[in-house]
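Here is the structure we will look at.
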Amino acid sequence: MNLSPKHDTRNVIRAFFNKHLTLAHICQYFLLSMLLLYALRQRYIGLVSESFWLDEAYTLAFTNMPFSKMLDFIATRDVHPPLSYIFIKFIRLFGDSDFLLKATSTVFDLATIAIVWAMVKKHWGALPAFVSAILIATSSCHIWHSQDIRMYAMLSLLVACSLYLFLDFISLMLDRSKDTKTTAFLCVATVAINLLMLFTHNLAALFWAGQLMIGMTTGILLISNAESRKSFITWMKVQFITGILYAPWIVFTIKQSSAMVKQFWLAAPALGDTLPVISYAMAFQRHYNGSADALMITMLCIFTLSAIAG
């Protein structure tokens, strides 16, 4: 018997609610909502009590310029890509209040908590998801950067989204839930999110490089399986497109780095600078652990050798 489109739609909606709105799911969403409200309260205090600091002043100065001049200054006198500045410049069209400009970072950070919860729940279960979300919600680092007009809260959200999509691609390589429409969305979303991430902070390139290493290793290990090989090739194409679109900015990154090395306010450490650090760290270890363990000594030796080489 053929079902009418209206009846078919009702079945789809009913199936969705039966799958995603069980009593267990409702309890989980309620707990997540409570956690987000708690995180919002922790971040709201700084939104109304703290004023701008030095780096935020740079952000405001850059975004107060005409658009073309702002991009020129960022490319030659800053160490970050332009995306966060472009976003703040857009937000300033709606006002310049401290609360409005800082609140954007708060929204990004709350979204990060939700994305990490969803990602961990999807792959490892509800309990690890809540532990991960609580760690971010109570992190002093996250709370601090969710209250300033910089790119760090935006970067955290984009990194979380990128990792979410990357794990989905790994699942695809492992031959779980093949779906053409899902794969097409995954490809487009991965390129878009990774580009946004790379154009938010230059160090995001290191996170992307880590994904490349893990993804290539996984793909090579599974290459004997035809379906896994197909998914791996699709993933490689996505990374290639991302790299091609990001490549033009690498020239500016090199120029920014060269300029920063010349005018950086901290000098390269010398051997004499490392000795007080070593003695203090070993004293700290003895006080709390009774002795300076081998791991601490090894790390300090590596730090010393790095200083000598530098």
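Just so it is clear, none of the values below were taken in a lab; they were calculated from the coordinates. The model shown is predicted, which means the values in this text are computed figures rather than measured ones.
When both the range 129-174 and the range 23-75 are represented by their alpha-carbon centers, they are found 14 Å apart. Which of the three applies to the range 204-244, rounded, prolate or oblate, going by the alpha-carbon gyration tensor with a ≥ b ≥ c and a/c under 1.5 meaning rounded? Oblate shape, in that a/c is at least 1.5 and b/c is the bigger or equal ratio. Applying a threshold of 26 Å to the alpha-carbon distances of LYS69/LYS255; LYS122/LYS230; LYS89/LYS255; LYS121/LYS237 flags LYS121/LYS237 as lying beyond it.
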